[in-house]
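The values are calculated or read from the model by the stated rules, or taken from the named source; none is laboratory data. Here the structure is a predicted model, which means the values were calculated and not measured. Here the Cβ positions follow ideal geometry from the backbone for every residue, glycine too, while neighbour counts run over all protein chains shown.
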Amino acid sequence: MRILFTSTSYPAEPSDWQGLFISRMLEGLSRRQELTIEAWCPPGTLPGGVASALREGDEAWFRQLASRGGIAHMLRKHPVHGLASGVQLVRRIRRACRSADPDLFHINWLQCALGLPSKRTPALVTVLGTDMQLLRIPLVRRSLAGTFKQRKIVLCPNADWMVPILEQSFGPHVPVRCVPFGIDNAWYRSERSLDPTQPQRWICVTRVTAGKIGPLFEWAESQFRTHQRELHLIGPHQDKTIRIPDWVHYHGPASPERLRMEWFPHATGLLSLSTHPEGRPQVMLEAMAAGLPVLASCNPAHMDLIAHRHTGWICNEIADFEAGISFIEDPRNNGDMSNRTREQARQRFGDWDDCASRYADIYKELIG
């Protein structure tokens with residue numbers, strides 16, 4: 001099966017955190033012997049056997065886009081420039097699709113499906129949480145619906161909570177099937193080692209933006225400024241208008257290897273009070289695979305992933321947050337949660353080869 005795989009995010013180098021899950025997805029697919037893959041994505045090291053589908057000018061355009069923070073960032077800060085870049089993106093994807101001759105298009109991100117050409121080649125479209133905002137725009141929703149009617153297609157959100165929203169948006173003639181992402185096997189082998197003589201160490205791994213941070217600084221101050229516990233914030237500081245309090249230990253971005261080797265094994269739990277539209281946060285999947293309990297906000301993506309008091313703690317107000325801190329810090333609760341989260345991650349998500357197998361099964365159905 002010949003596949004044209006498209007993505008607007010891809011790690012520029014092995015240590016780059018951006019688009020890492022796309023790289024892992026592509027690696028899993030590249031190990032399938034029945035697949036021949038071309039990838040249209042930002043420049044980076046592609047897995048063995050995967051050819052680049054970039055056309056003239058695409059690489060320079062991607063580099064320029066990255067230097068401006070990406071389309072989502074531009075739409076927030078400079079809407080006119082962001083919209084212009086979005087139009088250029090659709091045109092470049094359409095050019096790549098027209099010049100290729102695959103058996104199937106694998107399109108990542110719903111908005112990129114606007115670039116599908118009129119020819120009736122089947123398509124699988126991966127849908128992430130940020131795509132849900134597009135469905136609120138009637139013109140975009142109608143344009144996507146028109147594109148989907150032209151071919152055999154399956155929409156593949158990476159979390160169950162998106163399925164009914166997509167079904168309602170596009171009707172019964174557009175199949176929707178949840179395909180969970182995988183998790184690197186190294187996370188399952190991670191061993192936790194908590195020192196009871198040291199302060200409780202909580203970590204938050206996220207981009208520092210208003211939506212991603214949510215009420216974290218406000219809710220956590222009374223718990224972390226004066227108690228024997230520490231809050232470690234890891235990730236790029238993208239919104240400079242947000243001041244990181246002095247009681248927060250901020251470390252900047254960290255590679256997955258550092259998280260796995262240095263941070264997760266010695267942490268009490270992972271915190272996320274994000275209000276940002278999420279699909280299924282990969283860092284939470286990795287935390288669960290590593291046996292790290294998660295305390296998270298009442299975000300649909302979090303509630304879809306975490307069983308309250310069983311594999312983590314869900315909170316919707318400061319009192320719930322404080323109760324969750326105390327519950328997870330209890331050694332017995334922490335140990336029980338650790339075992340259950342790791343087991344659930346293995347059963348529900350597996351690794352990236354399992355994810356590739358789920359996609360390959362749908363490829364076969366679409367190609368017939």
Query raised in the report: Do we have Pro102 as over 24 Å from the mean Cα position of the chain (by Cα) and closer than 25 Å to Ser23 by Cβ here?
Result: yes
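Quick grid of which residues meet (1) at pLDDT below 95; (2) within 23 Å of Gln198 (Cβ to Cβ); (3) basic (Lys, Arg):
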position	(1), (2), (3)
Ala254	yes, yes, no
Glu257	yes, yes, no
Thr275	yes, no, no
Leu295	no, yes, no
Ala307	yes, no, no
Query raised in the report: Hey, any hits in segment 30-38 for a residue that's surrounded by fewer than 22 Cβ atoms within 10 Å (Cβ to Cβ), in contact (Cβ under 8 Å) with a residue 12 or more places away in the chain, among the basic types (Lys, Arg) and in contact with a helix residue (DSSP H, G or I) (Cβ under 8 Å, 6 or more places away or on another chain)?
Result: yes
Query raised in the report: So which pairs qualify, if the first residue must be in segment 149-160 and at negative phi, the second must be basic (Lys, Arg), the Cβ gap must be under 7 Å, and the two must be at least 6 apart or on different chains?
Result: Gln150/Arg120; Arg151/Arg120; Val154/Arg177; Cys156/Arg177; Asn158/Arg280; Ala159/Arg280
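Residues checked against (1) in contact with a Phe, Trp or Tyr (Cβ under 7 Å, 6 or more places away or on another chain); (2) loosely packed, with under 14 Cβ neighbours inside 10 Å; (3) closer than 22 Å to Met25 by Cβ:
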site	(1), (2), (3)
Ile318	yes, no, no
Glu322	no, no, no
Pro331	no, yes, no
Asp336	no, no, no
Gln344	no, no, yes
Trp352	no, no, yes
Cys355	yes, no, yes
Tyr359	no, no, yes
Gly368	no, yes, no
Query - Breaking point among (1) in contact with a Lys or Arg (Cβ under 8 Å, 6 or more places away or on another chain); (2) at pLDDT below 90; (3) not in a helix (DSSP H, G or I), for Pro43 - result: (2)
Report task. Look through Leu124, Leu166, Leu139, Leu128 and report the one residue that is within 27 Å of Gln282 (Cβ to Cβ), of a type in the set (A, V, I, L, M, F, W, C) and free of Cβ contacts under 8 Å to residues at least 60 places away in the same chain. Result -> Leu166
Query raised in the report: Out of all the residues in segment 147-161, is one or more more than 26 Å from Pro102 (Cβ to Cβ), surrounded by 15 or more Cβ atoms within 10 Å (Cβ to Cβ) and touching a Pro at 6+ places or on another chain (Cβ under 8 Å)?
Result: yes
Report summary line: Of the residues in segment 292-304, those that are farther than 21 Å from Arg201 by Cβ and touching a helix residue (DSSP H, G or I) at 6+ places or on another chain (Cβ under 6 Å) number 3
